[in-house]
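What follows is a set of notes on a single structure, which appears directly below.
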């Protein structure tokens, strides 16, 4: 982004910056808004049912998990818990994938125009968040229908816990988007690695199961319980379920605090890495 | 907007080093593999020790052969490329026409893309809303402005992008070879807009291979070669130096030279209507080419010939002293012959002159230099077309 007449671009070994370095909140917000707008419109203009697909995919996935887990393990979560888990997982997985490509996919822009580069992963994450918030409406509608048919516990929205959990989840996703966007510019095989790690992460996180299912394995193995809770998705998904459904307890062990702290830590790490890596973006794209 | 005496662009010892990676994109595996083999990547300097200042309100041209570092220079000024050493300071709002429409999204309409592109250029949304009609009018898209840009032709694409950039009121405008696209009428409108920006004291940095445009618009020219700024000065002499030293022989032009050398073309000087040495000539005015020759012995009835091609190889005209009915009995020692094109009927562009000396029956080629001498033509007349026809109107008579 360029700035008003009084300012100047100073370009040194450490990268280009605008001086004086006062906040240009308005211009930054306008550009962020325009980029988010582009993400959302670009996604939904391709197909008339764009948003519908964004909701249908996790619903289908939830149905599949419920059926197969019952076949394989003999028992499964009640559908409502799977629905909450899958919608939140979808938000994370999409943010990671889209965030990773947010700089490489805009190579033209990055090479030709000077603007704060972090706005690209930010816009990508923000578009995913908007998508998630809209799909939450569908999620609660589905939960309501399930509860009415007696297939699930009642719906209860915790006005404090729900926004807090969504905010922390967004923070985690943004941190990973920054980290992976920078990594993807420097190492183009990041996407293969991320694909594998995402599926591993899906299975070790309580998306299609919850911690009750793990109880037999966790008993007597405190280190395993610590490891499970250190995965930030464990306390976040448990928190989201507790914030949305009746009868889900939110009693995190001390380890959960460490797991939750992973979210801001990821954001701090992502920001630091991105800041350093962005100097060479134009050379590598 | 620059006050007189302000420096708009200031570069101090700027260098840019690239690592040579080959064609493959960078990968973690590749990095690890070369680390294990202990191989350090090759490096090359795209630009080194560049120090220059562009005063506010001036238009600077950057010329040089392909791959000489011109585009790196622009990227460093724009802030998109990080220098390896040194510092570039650019004052005011910078807008680059480096690649028009870089920020366009194919699924968005022209209108939506205008706002997106403007946001990328740092123009407040309010200003865009106010100027939208002017932008749309300049782009001349009519109702297509509400269509997704994926349905646009490349010309429409460029027109819309230029319209946004031209309306963005930049203090510093960076232009990289973009005016080569679009139809002639649009190019003329772009050049008009550039003149208007010049009148309003904006600073322009201009990379172009169109030497006639550089000569016409620029106050000063930087000549870049192999990453170094080798000359800086008035457009005409700097362009002349570029043409003499870096084009033609060993330059980007495919040249050929052969012959027995019984007579040699020793030295060639291009002169304008006033007899001054020049590289850019004006349509409708004389152009002189002084050819100095050197003969080893006495040559009976030699013929001097020339031909002109456009830069993309179209054969425009060829003739010689025999065709022109100029009989040369014999030559010996050294001498000079002058070729005059008057009036020059070539239009704006770059051309290549070939020279030849051969025997009267074409049996012996003494010396031929094919496509050896580049020169540029500027057309100040405003007339359009492939050639300048010496036309005249008789004023209408009443009754």
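A count restricted to the stretch B:106-135 and to residues that are under 17 Å from residue B:159 (Cβ atoms) and in contact (Cβ under 8 Å) with a residue 40 or more places away in the chain stands at 9.
Can you tell me which of B:74, B:108 is assigned by TED's automatic domain parsing to the domain that holds residue B:231 and touching a strand residue (DSSP E or B) at 6+ places or on another chain (Cβ under 6 Å)? Please lay out each step first, then the result.
Working: B:108 fails: touching a strand residue (DSSP E or B) at 6+ places or on another chain (Cβ under 6 Å).
Only one candidate qualifies: B:74.
Just the residues that are assigned to a helix (DSSP H, G or I) and out of contact with any helix residue (DSSP H, G or I) (no Cβ under 7 Å at 6 or more places or on another chain), please, taken from the stretch A:77-100.
Once the filter is applied, which keeps residues that are assigned to a helix (DSSP H, G or I) and out of contact with any helix residue (DSSP H, G or I) (no Cβ under 7 Å at 6 or more places or on another chain), the stretch A:77-100 yields only A:97.
Residue by residue, here is whether (1) exposed (fewer than 14 other Cβ atoms within 10 Å of the Cβ); (2) assigned by TED's automatic domain parsing to the domain that holds residue B:301; (3) closer than 20 Å to residue B:243 by Cβ holds:
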{"residue": "B:315", "(1), (2), (3)": "yes, yes, no"}
{"residue": "B:336", "(1), (2), (3)": "yes, yes, no"}
{"residue": "B:351", "(1), (2), (3)": "no, yes, yes"}
{"residue": "B:358", "(1), (2), (3)": "no, yes, no"}
{"residue": "B:361", "(1), (2), (3)": "yes, yes, no"}
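Report whether or not residue B:200 is over 30 Å from residue B:326 (Cβ atoms), assigned by TED's automatic domain parsing to the domain that holds residue B:11, surrounded by fewer than 16 Cβ atoms within 10 Å (Cβ to Cβ) and more than 23 Å from the chain's Cα centre (by Cα). Yes: the conditions hold for residue B:200. For the stretch B:89-111, the set of residues classified as surrounded by 20 or more Cβ atoms within 10 Å (Cβ to Cβ) and facing chain A (nearest Cβ under 7 Å) consists of B:90, B:91, B:92, B:93, B:94, B:95, B:96, B:98, B:103, B:105, B:108, listed by residue number.
Being within 12 Å of chain A (Cβ to nearest Cβ), touching a strand residue (DSSP E or B) at 6+ places or on another chain (Cβ under 9 Å) and at positive phi holds for only one residue in B:86, B:69, and it is B:86.
When the residues of the stretch B:1-29 are filtered to those that are more than 30 Å from residue B:52 (Cα to Cα) and within 8 Å of chain A (Cβ to nearest Cβ), the one that is modelled with the lowest pLDDT is B:25. Looking for something in contact with a strand residue (DSSP E or B) (Cβ under 7 Å, 6 or more places away or on another chain) and part of a helix (DSSP H, G or I) - is there at least one such residue anywhere in the stretch A:103-112? Scanning the stretch A:103-112 turns up at least one residue that is in contact with a strand residue (DSSP E or B) (Cβ under 7 Å, 6 or more places away or on another chain) and part of a helix (DSSP H, G or I). Annotation note: of B:211, B:191, B:222, the sole residue that is modelled with pLDDT of 85 or more, within 21 Å of the chain's Cα centre (by Cα) and under 27 Å from residue B:55 (Cβ atoms) is B:222.
Condition check ((1) modelled with pLDDT under 85; (2) facing another protein chain (nearest Cβ under 9 Å); (3) assigned to a strand (DSSP E or B); (4) farther than 22 Å from residue B:81 by Cα) across all residues:
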{"residue": "A:10", "(1), (2), (3), (4)": "no, yes, yes, no"}
{"residue": "A:21", "(1), (2), (3), (4)": "yes, no, no, no"}
{"residue": "A:34", "(1), (2), (3), (4)": "no, yes, no, yes"}
{"residue": "A:38", "(1), (2), (3), (4)": "no, yes, no, yes"}
{"residue": "A:48", "(1), (2), (3), (4)": "yes, no, no, yes"}
{"residue": "A:52", "(1), (2), (3), (4)": "yes, no, no, yes"}
{"residue": "A:56", "(1), (2), (3), (4)": "yes, no, no, yes"}
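Residues B:363, B:324, B:376, B:356: which one is within 15 Å of residue B:289 (Cβ to Cβ) and in a loop (DSSP other than H, G, I, E, B)? Please lay out each step first, then the result.
On the way: B:363 fails: within 15 Å of residue B:289 (Cβ to Cβ); B:376 fails: in a loop (DSSP other than H, G, I, E, B); B:356 fails: in a loop (DSSP other than H, G, I, E, B).
Sole residue among the options that is within 15 Å of residue B:289 (Cβ to Cβ) and in a loop (DSSP other than H, G, I, E, B): B:324.
Out of the stretch B:148-165, which residues are farther than 17 Å from residue B:119 by Cβ and either touching a strand residue (DSSP E or B) at 6+ places or on another chain (Cβ under 6 Å) or crowded, with 17+ Cβ neighbours inside 10 Å (or both)?
Going residue by residue through the stretch B:148-165, those that are farther than 17 Å from residue B:119 by Cβ are B:148, B:150-159, B:162.
Answer for the stretch B:148-165, where residues must be farther than 17 Å from residue B:119 by Cβ and either touching a strand residue (DSSP E or B) at 6+ places or on another chain (Cβ under 6 Å) or crowded, with 17+ Cβ neighbours inside 10 Å (or both): B:148, B:152, B:156, B:157, B:158, B:159, B:162.
The values are calculated or read from the model by the stated rules, or taken from the named source; none is laboratory data. Only a predicted model underlies this, so the values are computations on that prediction, with no experimental measurement involved. Glycine also receives a Cβ, built like all others from the backbone with ideal geometry; neighbour counts cover every protein chain displayed.
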